[in-house]
Amino acid sequence: MNIAIITGASSGLGREYARLLAAESGLDELWLIARRQDRLEKLKAELPLPSRLLVCDLTDTAVFTAIQQQLMAVKGIEIRWLINAAGFGRIGTCAEIGVETTGRMIDLNCRAAVAMTQLAIPFMSAGAHILEICSCAAFQPIPYLTAYAASKAFLLSYSRGLGRELAAQGIEITAVCPYWIRDTEFITRAIETDHSGIFQGFPLACTQHEVASRSLRAARNHIRVCTPDMVSFLHRILTSCIPHSWLIHLSELYRRLA
Ligand SMILES: NC(=O)c1ccc[n+]([C@@H]2O[C@H](COP(=O)([O-])OP(=O)(O)OC[C@H]3O[C@@H](n4cnc5c(N)ncnc54)[C@H](OP(=O)(O)O)[C@@H]3O)[C@@H](O)[C@H]2O)c1
């Protein structure tokens, strides 16, 4: 049985990946992961492919053993796609965001993505794809998005290193690094801690459909780091030429002008 596993499938990018993959042939089932069961049920009802719902909080480390056991219980299971889209960010000073929220952010954006990736690999073979949803925030340190940007830098680096390790098995990892996406729940939640309006407006933000469809295409074309929109593409070029100490000043300037 060929399956795709998508975390963060109850909204935004994860839900869009589920819709796009369900419309393709070659998969027998989607495994959809998030905390909000009602949202997952609603998505399941609209998909043309059978779905298994795994309702869980990925910051609870006990869930990884449970997911692994579910995989082992299905004879001949093959994971063709793993998409780690569950993630969140918060804007504000480190004090405003707080230690507890920052810890959860690191647990979800880093630890859960790594755990899901490593538990999936034994069920994958040549031609399987892993998409780690990073962000162009991964390309440089960003004040007031400090922990979020650092968590995505970790995931980008992890993807690139592991991609090399897995090349011999024919399993491919694509790190997806978009700029702001305007039609998911991410921004609304991220600004909850932005008490001083540090980030005003999100000019040139792209859409979840653009990011999901372009990154699936990039993965099929063996692209290791996908910048699915013009801003993230230019950001990647800029951050590869300019020292990080200068980039921090430039990002502050951009934030004030935007
Ligand atoms: N939107 C942007 O501007 C933007 C830009 C660059 C990168 N990204 C990245 O894109 C990814 C998808 O974000 P999005 O924009 O689609 O945001 P979103 O609409 O808020 O979706 C986030 C998803 O993560 C799930 N999730 C959150 N906490 C979870 C937990 N503890 N356990 C399990 N699932 C959890 C949410 O489901 P439940 O609440 O139901 O659990 C939801 O399905 C994230 O990794 C984000 O960092 C977003």
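Quick notes on this structure:
- With the simple model of a label 7 Å out from the Cα in the direction of the Cβ, residue 2 to residue 45 spans 3.0 nm.
- Compactness index (Cα Rg / 2.2 N^0.38 Å), the chain: 0.98
- Out of every Cα-Cα pair that segment 162-211 contains, those further apart than 16 angstrom amount to 58 percent.
- Computed helical MRE - 222 nm, the chain, DSSP H runs ≥ 4 contributing -39500 (n - 2.57), nearest 500: -13500 deg cm²/dmol
- Per residue, the convex hull around the alpha carbon atoms of segment 49-128 comes to 118 Å³.
- Taking amide H as placed 1.01 Å from N in the peptide plane, residue 173 has its amide H under 5 Å from the amide H of 130, each at least 5 places away in sequence or on another chain.
- Annotation for segment 1-96: trypsin sites (Lys or Arg not before Pro) lying in DSSP loop with at most 10 further Cβ atoms inside 10 Å of their Cβ are 75.
- Going from the residue with the fewest nearby Cβ atoms within 10 Å to the one with the most, 174, 101 rank 101, 174.
- Angle between the chain longest axis and helix 37-46 axis [Cα atoms, degrees, rounded to 10]: 60
- Vicinal HN-Hα couplings computed from phi for segment 68-77 (Karplus, 6.51 cos²θ - 1.76 cosθ + 1.60; Hz; Gly/Pro x): 4, 5, 5, 5, 5, 6, 9, 5, x, 6
- Residues 246, 31 arranged by fewest to most Cβ contacts within 10 Å: 246, 31
- Debye equation applied to the C-alpha atoms of segment 140-181, log10 I(q)/I(0) at 0.13, 0.26, 0.30 Å⁻¹: -0.35, -0.88, -1.02
- For the pair residue 73 and residue 223, a Förster radius of 35 Å applied to the C-beta separation gives a FRET efficiency near 0.55, rounded to the nearest 0.05.
- Extension gain for residue 188-residue 240 works out to 15.7 nm (0.36 nm per residue, less the C-alpha to C-alpha distance).
We did not get these values from a lab; they are worked out from the coordinates using the rules stated. It should be emphasised that the depicted structure is a prediction, and the values quoted were computed from it without experimental measurement. Positions of Cβ are generated from backbone atoms using ideal geometry, with glycine treated the same way; all protein chains shown enter the neighbour counts.
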